[in-house]
Amino acid sequence: MVRQILGAKGGGGGSNFITKPDTLRSNDSFELLFGLGSGRWKGLTDGLKGLKVNGVPLENTDGSSNFEDVAAIFADGNPLETQTVKFRLGGGGDVQNIGVQLANPNAATPGNWVVGATSTPGANHIDMRFVVQQLFKQDSKSIRELTANIEIQMRPSNSSTWVNPFSGNQSNSVTYDPRGYDIVEDFYGANVYLSRSMFNPNGIGFKASNTPYLTITGKTTSAYVKEVRIAVPNTGNYENVTWEVRARLRERDTLDNDENQERRTIAFESVASVSQEVLGEDEEWRGQVWLQLVGKASDQFNGFPEVTGVFDTKICSTPPTSVWDPETRVYSGETWAGNYEEHFTTDPAWQIKEFIEDPIHGLAGLQPGSTLDKWDCLEASKYFSEQVSDGRGGTHARFNMNLNITEAQEVTEMLQYLAGSVNSYIEDTGDGKWRLVVDKPETPKVLFFEGNTFGGFNYSHTDVDSRFNDWRGTFLNEDLDYEQDTVRVFDQPDIDENGTRFTEVALVGCTNRQEALRRLMFRLRVSLNEYKIVSFVTNRIGRYLSPLDTILVADEALNADHLVKSASRIASYSGTDVVLMRPVRLEVGVSYVMHFNTEDGVVTREVVNLGGERGDVTEISIDSPLPANVLKDSAVSLEANGLPANPISYRVLSVERSEDSEDEYTISAAIIDSGKWNAMDNVSEQAILAQESNVEIDAPGVPTDGMFDLLVYSTDYQVRRALQVNWDRPGSLFLEGFRVEYRYNDGPWKILHENLSDSVAELEDPQDGFYSFKITALDRRGVQSNPLVGQYEVVGSQEVHPPAHIRGSLLDRPEDAPYAGFRYTVTDGVVPVTHVWDGNEWKPEGNLVTEGSHIGVENGATVGMTPAEAARLQDIEANWSSQVTLNSDVAQDLEDLQEATSENASAILAEANARVTQIQASADSLNTRIDGVIADVDATDVRIDGIVSDVTAEVDRVDSLVSSEIARVDTLFDSFSLDFSEESYELEGETVDARTLVLEERSVRSSESAIVARDISALAVRVGDTEAGILSEQQARIDGDGALTTSLNALTTRVGDTEADILSEQQARIDGDGALTTSLNALTTRVGDTEADILSEQQARIDGDGALTTSLNALTTRVGDTEADILSEQQARIDGDGALTT
């Protein structure tokens, strides 16, 4: 309790005055009713210790209470009893206000009575309400707690006798019992759990019996409400009566004596009669399990409370305790007569039997007469109850069932669900009779071999995908307050070989971790090892077999099969106990001998392992000790006595009678893993988790173009960035994905992707800083690779690749590196040696760089030239032969530049400046050549102008001749006015003369036309030659410019700081070349104009010739006999004109 020092009376040296805080708080009562299930249930497992309100147990393990005056009323759901609910709180009735102070001025006697009365008859309870205004004691030292006792009496309206309800027959001998009390009279067969706080400190007698008054102890200076409810009878003599109630204060209410003060200011506020209806009298309530919880509310309540409890549930019919203890599940050895008692048990066998045979809540309620074979249950119960390791150095029963079925289930499916959860199978054999078979070691019924089968043995196998090698199970763990928990059982060698084949199951009714492991180990062994199915035909012995029977198959063809497990080596031996290095297989019911190698030869001993020591075993018991001369690590072999082969156990799946013969039966059976039971009972979670994979997978690789890309993109609102990480996938058939981790500025590692199937990841909106990434490959076998580690620095909008590997001399190697893993290749020696920085010093790591190459790549960083530089040089080399032959000095410079890729920057810059000077000189020389070409073009223009003048003059002369000829022909036509018939001779003579003149003229004209045509052809050739020369010069200039551009581009890549100057020079040269190209184009245009003039003159000549041809055609019509000559003349003219055109 906290002491509060408020001050001191008097002067200096006075003592401290203590005012204690108020201790009385108004607490409401609570009452809750919960429906739990259907009966019969046993009840709370550990009384009020197993019942929690908002996670707080009502009682602690030491018996102390966490809640005041709590009681729990539990109805077990016995269908033979009517278990009604009687509420302690609530209800309706009249309230009579009193509002009178309980005054008492007397120091030694009680005060006056304050009386109240109810007006409603037939009440179940009388509620009284008192209000404490002040309760404290004060003296010169403190203000502290005080006690007030209120005496209460009551009487029915038909009686004059007052009685004190607090001084009734309350026992002082009742002992606290955490298991509760059966109080049939008041609670109709329910079990009542009472709080330990209700009893005296010694646990005997109720505290309420210590005083006949309502006692209030504490301190308050503000109103505190105290409510009292008293149950009253309302039947018999008390039917239809009302009640009077009176109360008085036993101590004086006020003491006022200077420093000594007492206050007991209490008012009797009201009285009420409360009537309640009884709940649960309807038939639908029969057999329902419920819990009623009443008590005082506390500060721990906040809203509606959550209540949880641990209950022993269904009461089952079991063998009597003289045969079997339902708590320890130990059988006494006494023969069971088949009679039953009612007990709660976690034994799955008797629970399954109850599920079938319960006439109200079981299958028998739907199918009357349904029953489960009691002897099957007995055998199953014995196996389920055997004590095995609990994983903590102790033992417990092999299988338990703790299950609350909350939803309706299909009966047959639910029965298989329950049986299958404990390695069993249940079958309806007809007429409501059920049989239960447990998968446990059994003595085989029949041995089959070549002598009692027809046609040998045929084998098939289950699908590989159904052979799960990684099992996980969920269950409610009792050690974690029945929270859901998970266990895992797996076979690492099978995972390494075949990859992970995962499955998950719910472990029905399991609440213990070791049992969960046991159930999963059994399923793992069955899944991996019971995959072979044999079928064969046998004789009439098959009629005595049923499904799930165990048989043996001795097949000579399987003597070498690994499942036979008949060979091993001695690890150690002592007397008749032999320990083997590898397990051998001992089937139940088979007699074996074992052969051992000694110095004197082979000795044989009989194997005497008992049934529980069989299966896949390494510990062998033999009938007599081995001789002393047994060889070290001696090989041993196992042999089945009198059998052609070591037999293997199978479980019968089906028995089918042959349609052709009554004496032939086809048997189908699945192989049994005889070692699964021993593995199940001795499973160790530590051994499972200690399994390590024997396989490795390669780490992801670094792409040739690096691991990182900084992506920049825009949205509707902003420009954003993403850091993209890339890697190469390793080769693995079982590759499942990648785990991607990163950290920022050497902070903690974070998971970006737990299992990413792609080989690229993006980190959105990276901040400026240093990022490290780890990429780990994962595969389906549970194996992971060594991580690929890469670093990247984000700086503003620029990206910076931190160097991961550089090379140079040992002298130039830095004293330290920026981060661990940084590599430096020393090139001084014949063989380069790479050193790695481990964070403190350089350590050799071998050669990581391929010599003789332009570029080496290690972890995404470059050594020597960048990829862009190497690609540029490769392009130059590939296209070298197609380029215009460059100046030999420039070509040699390029070779020198290529060889000098690893020189320092200052040497490259000096070389670049020298090359710029050389290229400028070459450019000046080329400009001079271009100027000469331009002068030649100008001279050619002058020559073309002279030729055009000559052609024009010749054309004019030809035109004049043509005009004269036309005029002469016209004159000739005029002289042809004679009559042809009369002057034929003279006409003929004239015609001859005219023809002679025409032929002479044709000869002259042909000669002249040929001369003109020859001159024009010569001119065309000269113009063509000039144009070709101009175009050739233009191409040479373009090729030279292209070579110059290529040189400048290559130089630009290397010069660094002088790049801008070279680009400016290049642009200036391009502009100059553009101007030259423009001049050449103008020259071409001028030549084209001249050619157009020539063609225009040619067309004029053709037109003139066409007119002449027209005249000659007209003449031909008139001259008659001279037509052929005129046509010849016409053809001659056409030929001449063609020459001119050419």
Worksheet item: Just wondering, is there one or more residues in region 229-247 that are at pLDDT below 80 and in a helix (DSSP H, G or I)?
Response: no
Discussion item. What's the total number of residues in region 21-34 that are modelled with pLDDT under 80 and either in contact with a Lys or Arg (Cβ under 8 Å, 6 or more places away or on another chain) or of a type in the set (Lys, Arg) (or both)?
Written reply: 5
Worksheet, complete the sentence: Cβ pairs under 7 Å, 6+ apart or interchain, first in region 482-501 and in a loop (DSSP other than H, G, I, E, B), second of a type in the set (Val, Ile, Thr) and at pLDDT 90 or above, ordered by first then second residue, are Tyr482/Thr511
Response to the item:
Counting only residues that are assigned to a strand (DSSP E or B) and under 14 Å from Gln791 (Cβ atoms), region 819-841 contains a total of 2
Worksheet item: What are the residues in region 44-76 that are outside any strand (DSSP E or B), among the polar types (S, T, N, Q) and either closer than 25 Å to Gln288 by Cβ or touching a strand residue (DSSP E or B) at 6+ places or on another chain (Cβ under 6 Å) (or both), if any?
Response: Thr45, Asn66
Worksheet entry | Hits in region 319-331 (condition: farther than 30 Å from Glu59 by Cβ and buried (at least 17 other Cβ atoms within 10 Å of the Cβ)) | Pro319, Val323, Trp324
Worksheet item: Can you name the number of the only condition in (1) surrounded by 22 or more Cβ atoms within 10 Å (Cβ to Cβ); (2) under 23 Å from the mean Cα position of the chain (by Cα); (3) part of a loop (DSSP other than H, G, I, E, B) that Phe475 fails?
Response: (3)
Worksheet item: How many residues are at pLDDT below 90 and more than 17 Å from Thr254 (Cβ to Cβ) if we restrict to region 92-120?
Response: 6
Worksheet item: Exactly one of (1) in a loop (DSSP other than H, G, I, E, B); (2) in the same structural domain as Ser65 (by TED's automatic domain parsing) is unmet by Val294. Its number?
Response: (1)
Worksheet entry | Yes/no for Thr345 being within 18 Å of Asp376 (Cα to Cα) and in contact with a Lys or Arg (Cβ under 8 Å, 6 or more places away or on another chain) | yes
Discussion item. So for region 338-359 (the condition being closer than 30 Å to Ala231 by Cα and either β-branched (Val, Ile, Thr) or out of contact with any strand residue (DSSP E or B) (no Cβ under 7 Å at 6 or more places or on another chain) (or both)), does at least one residue qualify?
Written reply: no
Discussion item. Please go through (1) of a type in the set (Gly, Ala, Ser); (2) buried (at least 16 other Cβ atoms within 10 Å of the Cβ); (3) out of contact with any strand residue (DSSP E or B) (no Cβ under 7 Å at 6 or more places or on another chain) for Ser385 and return the number of the only condition it doesn't satisfy.
Written reply: (3)
Worksheet, complete the sentence: Quick count over region 118-153, residues being of a type outside the set (Val, Ile, Thr), surrounded by 20 or more Cβ atoms within 10 Å (Cβ to Cβ) and assigned to a loop (DSSP other than H, G, I, E, B), is 2
Discussion item. Conditions first: (1) in a strand (DSSP E or B); (2) modelled with pLDDT under 90; (3) surrounded by fewer than 16 Cβ atoms within 10 Å (Cβ to Cβ). Glu656 passes all but one, so which condition is the exception?
Written reply: (2)
Worksheet item: Picking from Asn78, Asn97, which residue would you name as being loosely packed, with under 15 Cβ neighbours inside 10 Å and of a type outside the set (Val, Ile, Thr)?
Response: Asn97
Discussion item. Suppose we filter Asp312, Asp299 for residues that are under 51 Å from the mean Cα position of the chain (by Cα), surrounded by fewer than 20 Cβ atoms within 10 Å (Cβ to Cβ), at negative phi and modelled with pLDDT of 90 or more; which single one remains?
Written reply: Asp312
Worksheet item: Just wondering, is there one or more residues in region 622-630 that are without any contact (Cβ under 8 Å) to a residue 60 or more places away in the chain and in a helix (DSSP H, G or I)?
Response: no
Worksheet item: Under the condition of being within 16 Å of Leu548 (Cβ to Cβ) and among the charged types (D, E, K, R), which residue from region 413-432 is farthest from the chain's Cα centre (by Cα)?
Response: Asp428
Worksheet item: Leu524: outside the structural domain of Leu735 (by TED's automatic domain parsing) and under 26 Å from Phe399 (Cβ atoms), yes or no?
Response: yes
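Restricting region 602-653 to residues that are of a type in the set (Val, Ile, Thr) and closer than 10 Å to Leu586 by Cβ, which is surrounded by the fewest Cβ atoms within 10 Å (Cβ to Cβ)?
Filtering region 602-653 down to residues of a type in the set (Val, Ile, Thr) leaves 602-604, 607-608, 617-618, 620, 622, 630, 636, 648, 652.
Those still in the list that are closer than 10 Å to Leu586 by Cβ too: 607, 617, 620.
Values: Val607: 23, Val617: 20, Ile620: 24.
By that ranking, first place goes to Val617.
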Worksheet item: Do the conditions hold for Thr109, that is, is it assigned to a loop (DSSP other than H, G, I, E, B), among the polar types (S, T, N, Q), surrounded by fewer than 20 Cβ atoms within 10 Å (Cβ to Cβ) and free of Cβ contacts under 8 Å to residues at least 12 places away in the same chain?
Response: yes
Worksheet item: Just checking, how many residues over region 486-533 are charged (D, E, K, R), within 16 Å of Leu689 (Cβ to Cβ) and surrounded by fewer than 19 Cβ atoms within 10 Å (Cβ to Cβ)?
Response: 1
Worksheet, complete the sentence: For region 353-369, pairs from a residue that is under 12 Å from Gly432 (Cα atoms) and in contact (Cβ under 8 Å) with a residue 40 or more places away in the chain to a residue that is assigned to a helix (DSSP H, G or I) and small (Gly, Ala, Ser), with Cβ under 8 Å and 6 or more apart or across chains, are Ile356/Ala364; Glu357/Ala364
Item to complete: Have a look at Leu255, Leu279 and point out the one that is at pLDDT 90 or above and either surrounded by fewer than 19 Cβ atoms within 10 Å (Cβ to Cβ) or among the basic types (Lys, Arg) (or both).
Response: Leu255
Item to complete: Return a yes/no flag: does region 726-737 have any residue that is within 18 Å of the chain's Cα centre (by Cα) and surrounded by fewer than 17 Cβ atoms within 10 Å (Cβ to Cβ).
Response: no
Worksheet item: For the subset of region 444-467 comprising residues that are in contact with a strand residue (DSSP E or B) (Cβ under 7 Å, 6 or more places away or on another chain) and part of a loop (DSSP other than H, G, I, E, B), which member is surrounded by the fewest Cβ atoms within 10 Å (Cβ to Cβ)?
Response: Lys445
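The values are calculated or read from the model by the stated rules, or taken from the named source; none is laboratory data. Computed from a predicted structure; not experimentally measured. Note: ideal-geometry Cβ built from the backbone for every residue, glycine included; neighbour counts use all protein chains shown.
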